[in-house]
Amino acid sequence: MPETGNNLASESLGWSLEMMAFVSPMPWESGDAPAAGDEAYMASIAFSGARHGVLEIAAPAAFARMLAVNLLSFDAGEVGDERIRDVFRELTNITCGTFIRRLSVDPGEVPNMSIPRVEALKLPVGWTDFIESDGCTLLEAEGYPIAVRLRDAA
Amino acid sequence: MPLKVLIVDDSSTIRAVIKRALAMSGVAAGEVVEASNGVEGLAALAKGPVDLIFADLHMPEMGGVEMTRRILSNPATARIPVIVVTAEPNQKTIDELRGAGVRAHIAKPFTPEAFRNAVTAVLGTVHA
């Protein structure tokens, strides 16, 4: 599962970003590990069914702020911590729903998802640990890094 | 004549995404009323009717299914179609929505075409 699951997770994230915000992420190809800026968040959601595990997405806060202002038409003054967390929460929820639907092969199985949790990453260590962790896929969207991985997947 | 639409979702992000998808879908949405859960959705309906409701499934205080049941049990609102917009992956749950009176469902992530198709399916047109 890890290889296939991680590929499916990154594809699901890309598809969700395209549908939600018309952003088409590409593999991160720059040689250096990207920095997260001043703030970064990680959203996690547990899933179960034919497979189970935790899907996690991390990105700089500036990425969610850009989505909220440029693509969802919120005023910059409206985009505070709670709005940024909401963007992360919904992106993760939608990505996991897409991921589970793609994983499903048995129509009789009963997939389930938890409520997404969002937390601020300690910088720079939390961000660096995330993007360098096993199975993490790093993408580039509108110039921002966004990372996705599966944890405890089976 | 533009449709008056009620969007019920606890995420302001998703409400914004739905509004944008509606604008791109060709659905003639005029006034858009927003609510963040089923209780607020029912309160909004008490202030005036709408042509169409888009609702999330899982929300605090009151979710989309219970809100739909209450809308259907009220003669003043029973004819308003409810379309659920959800990332819910469980097909059994989706199937149960119809039993609760939900007229259609749109899976997240969605395209503007999904809104056009769903509105056409429940209203027969994308205009009021």
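The values are calculated or read from the model by the stated rules, or taken from the named source; none is laboratory data. Note that the structure is predicted; figures quoted are calculated from it, not measured. Reconstructed Cβ throughout: ideal geometry from the backbone, glycine too, with neighbour counts over all protein chains shown.
Some observations on this one:
- Flag for residue A:8 being buried (at least 16 other Cβ atoms within 10 Å of the Cβ), within 14 Å of chain B (Cβ to nearest Cβ), under 17 Å from residue A:96 (Cα atoms) and under 11 Å from the mean Cα position of the chain (by Cα): no
- If you go through the range B:101-128 and pick out every residue that is away from every other protein chain (no Cβ under 14 Å), free of Cβ contacts under 8 Å to residues at least 40 places away in the same chain and of a type in the set (Gly, Ala, Ser), you end up with 5.
- Helices (runs of 4 or more DSSP H) (entirely within the range A:41-154) containing at least 3 residues that are within 12 Å of chain B (Cβ to nearest Cβ), touching a helix residue (DSSP H, G or I) at 6+ places or on another chain (Cβ under 7 Å) and farther than 15 Å from residue A:7 by Cα: A:81-103
- Residue within the range A:109-120 that is at pLDDT 90 or above and small (Gly, Ala, Ser) present: yes
- Each residue in the range B:19-43 was checked for being modelled with pLDDT of 95 or more and within 13 Å of the chain's Cα centre (by Cα), and 9 of them qualify.
- Within the range B:52-93, considering residues that are among the acidic types (Asp, Glu) and within 14 Å of another protein chain (Cβ to nearest Cβ), the one nearest to residue B:120 (Cα to Cα): B:56
- Only one of the listed residues (A:26, A:66) is of a type outside the set (Lys, Arg) and over 22 Å from residue B:18 (Cα atoms). That residue is A:26.
- Checking each residue in the range B:78-128 for being modelled with pLDDT under 85 and in contact with a Cys (Cβ under 9 Å, 6 or more places away or on another chain) picks out only B:89.
- In the set (1) more than 18 Å from residue B:16 (Cβ to Cβ); (2) at pLDDT 95 or above; (3) crowded, with 20+ Cβ neighbours inside 10 Å, residue A:92 fails one condition alone, (1).
- Taken over the range B:1-16, the criterion of being touching a strand residue (DSSP E or B) at 6+ places or on another chain (Cβ under 9 Å) and among the aliphatic types (A, V, I, L, M) is satisfied by B:1, B:3, B:5, B:6, B:7, B:8, B:14.
- The range A:11-40, residues that are outside any loop (DSSP other than H, G, I, E, B) and either more than 14 Å from chain B (Cβ to nearest Cβ) or in contact with a strand residue (DSSP E or B) (Cβ under 8 Å, 6 or more places away or on another chain) (or both): A:13, A:14, A:17, A:26, A:27, A:40
- Taken residue by residue, the range B:106-117 has no member that is under 17 Å from residue B:37 (Cβ atoms) and in contact with a strand residue (DSSP E or B) (Cβ under 7 Å, 6 or more places away or on another chain).
- Single residue of B:98, B:20, B:70 found to be free of Cβ contacts under 8 Å to residues at least 40 places away in the same chain and under 28 Å from residue A:64 (Cα atoms): B:20
- Cβ-Cβ distances below 8 Å connect the following pairs, each with a first residue in the range B:23-48 that is over 24 Å from residue B:65 (Cβ atoms) and touching a residue at least 60 places away in the same chain (Cβ under 8 Å), a second residue that is in a helix (DSSP H, G or I) and among the acidic types (Asp, Glu), and a separation of six or more residues or different chains: B:25/B:113.
- Scanning the range B:1-48 for residues that are touching a helix residue (DSSP H, G or I) at 6+ places or on another chain (Cβ under 7 Å), buried (at least 17 other Cβ atoms within 10 Å of the Cβ) and within 14 Å of chain A (Cβ to nearest Cβ) yields B:7, B:9, B:11, B:12, B:13, B:14, B:17, B:21, B:22, B:25, B:32, B:34.
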